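Peer 1: Dropping the structure in here first, questions after.
The values are calculated or read from the model by the stated rules, or taken from the named source; none is laboratory data. Predicted model, so just to flag it, every value in this text is computed and none were measured. Note: ideal-geometry Cβ built from the backbone for every residue, glycine included; neighbour counts use all protein chains shown. To get the accessible areas, we keep the full protein, side chains included, count just its heavy atoms, and leave off ligands, DNA and RNA. Shrake-Rupley method; radii C 1.70, N 1.55, O 1.52, S 1.80 Å.
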Amino acid sequence: MKLFKYIFWVLYRIWFYILVALPIIILFPILVISILRESWYPFFFKIARFWAWFILIGMGFNVKIEREQILEASKSYMFIANHTSMADIMLMLVTVKNPFVFVGKKELAKIPLFGFFYKRTSILVDRSSPKSRQAVFLRAQRRLKQGMSICIFPEGGVPDEQIVLDAFKDGAFRMAINHHIPIVPITFGDNKKRFSYTFFSGSPGLMRAKTHKFISTEKSTIEDTRKLNEESHILILNQLTVFNKTQKATLGTE
């Protein structure tokens, strides 16, 4: 029985990479054209959302999204979420309809095909370089002036799988304060179980996301960074606890 599980996990991982690559290969000419000018990014974003849905459905994930507040099409936001899975990027694209730009680690640009477009459409950061971190703020500022939103996973990477939610770094909150844009905390409830970074793991099933009420930064100053950080962390951690209890209760009734 255990052997069959390992065979399934290997094939499941291979299938994931096929789903990631297939739309990119088929739509490659259109994707290349869509990134030639920054002003065409909203069109690229629509294709990216289709790509994300294609992968999540193809993997057998039953996506359930709950929204406590609705986004305004004309506003910019700072989206943040817990980070536990390779599927986090896809679920974020599916959850949020407003065009946004990822701020992420430069290592992702090395992934074949995906990395080519990620490098040209996202804001890459080398966390070991203060100069790189400063450049992120400048590029984000330009994108916000273009009417885009920003998405950051504030844990700064994928934590050890035994950690429910790692401490948040301050960058996303400082940026939101500097530009007076609302912070939108989002909790991903099942990504670690559905498709974590552990190779021999994962399965089709429920994948929940919850968009919480926005946190205003209109009257905030840079001194409020830690307060907003902690407020967001507590909010997402509490929701993860609720998700886990609901999951256990459901399993107990099966």
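Peer 1: Report the label-to-label distance for residue 242 and residue 160 in nanometres (one decimal), using points 7 Å from each Cα along the Cα→Cβ vector.
Peer 2: Between residue 242 and residue 160, the label points sit 2.9 nm apart.
Peer 1: Sum -39500 (n - 2.57) across every DSSP H segment of at least 4 residues in the chain, then divide by the residue count to get the 222 nm mean residue ellipticity, nearest 500. Don't skip to the end; give the middle numbers.
Peer 2: Details: 9 runs with 125 residues, N = 254.
The per-residue figure over the chain is -16000 deg cm²/dmol.
Peer 1: Then there's this: Counting heavy atoms of the protein chains only and a 1.4 Å probe, report the per residue accessible area for the chain as a whole number of Å². Display every interim value, and only then the final one.
Peer 2: Details: 13170 Å² over 254 residues.
Ligands and nucleic acids excluded, the figure is 52 Å² per residue.
Peer 1: Another one. For the chain, with all protein chains present and a 1.4 Å probe, just round the carbon and sulfur fraction of the accessible area to a whole percent.
Peer 2: Values: 8190 of 13170 Å².
Here it works out to 62 percent.
Peer 1: Determine ³J(HN,Hα), in whole Hz, for all residues of region 92-103 in sequence, where each value follows from phi through the Karplus function 6.51 cos²θ - 1.76 cosθ + 1.60 and θ = phi - 60°; x replaces Gly and Pro.
Peer 2: 5, 5, 6, 6, 10, 8, 5, x, 9, 10, 6, 10
Peer 1: Identify which of the listed values of Cα extents along the principal axes in Å was calculated from the structure shown: (i) 46, 36, 34; (ii) 62, 46, 32; (iii) 56, 44, 35.
Peer 2: Computed from these coordinates, Cα extents along the principal axes in Å corresponds to label (iii).
Peer 1: Okay, next question. Reachable aspartates and glutamates from residue 210, Cα under 20 Å, same-chain residues fewer than 8 places away excluded?
Peer 2: Hits, sequence-local ones excluded: 66, 68, 72, 88, 155, 166, 190, 230, 231.
Peer 1: Considering only C-alpha atoms, what is the centroid distance from region 1-65 to region 182-238, in Å?
Peer 2: About 22 Å separates the Cα centre of region 1-65 from the one of region 182-238.
Peer 1: Here is a follow-up. Highest GNM mean-square fluctuation, the chain, Cα pairs closer than 10 Å: which of 232, 39, 196?
Peer 2: Looking only at 232, 39, 196, the biggest GNM fluctuation is shown by 39.
Peer 1: Given the peptides 161-172, 176-187, arrange them by the average over their residues of other C-beta atoms within 10 Å, most packed first. Please list the in-between numbers first.
Peer 2: Working: 161-172: 15.7, 176-187: 21.0.
The densest-packed peptide leads the list: 176-187, 161-172.
Peer 1: What are the residues whose amide H is under 5 Å from the amide H of residue 66, where those residues sit 5 or more places off or on another chain and H is modelled from the backbone?
Peer 2: 209, 210, 211
Peer 1: Going highest first, how would you order 99-110, 83-94 by mean Cβ packing within 10 Å?
Peer 2: On the way: 99-110: 17.4, 83-94: 22.8.
Those peptides, ordered most packed to least, come out 83-94, 99-110.
Peer 1: Between residue 218 and residue 3, what's the calculated FRET efficiency when r is the beta-carbon distance and R0 is 45 Å? Round to 0.05.
Peer 2: Details: r = 58 Å, r/R0 = 1.28.
Efficiency, rounded to the nearest 0.05: 0.20.
Peer 1: Hey, what did region 1-160 get for relative contact order, percent, Cα under 8 Å, at least 6 apart? Kindly include the intermediate steps, with their values, before the conclusion.
Peer 2: Working: 157 pairs, mean separation 42.4, N = 160.
About 26 percent, as a whole number.
Peer 1: In sequence order, what are the phi-derived ³J(HN,Hα) couplings for region 210-216 according to the Karplus relation 6.51 cos²θ - 1.76 cosθ + 1.60 with θ = phi - 60°, rounded to whole Hz, with x for glycine and proline?
Peer 2: 10, 8, 7, 4, 5, 9, 6
Peer 1: Quick check on packing: order 49-59, 24-34 by the mean number of other C-beta atoms within 10 Å, highest mean leading.
Peer 2: Numbers: 49-59: 18.3, 24-34: 13.5.
Output ranking for 49-59, 24-34: 49-59, 24-34.
Peer 1: Tell me which residues come under 5 Å, amide H to amide H, from residue 205 once H is placed; ignore anything under 5 positions away on its chain.
Peer 2: Residues meeting the criterion, in which the H sits 1.01 Å from N, are 61, 62.
Peer 1: Right, another one. Which lysines, on any chain, are close to residue 119 with Cα under 16 Å apart, when same-chain ones fewer than 8 places away are left out?
Peer 2: 105, 106, 110
Peer 1: What nm value, rounded to one decimal, do you get for the distance between residue 28 and residue 62 when each label is placed 7 Å out toward the C-beta?
Peer 2: 3.7 nm
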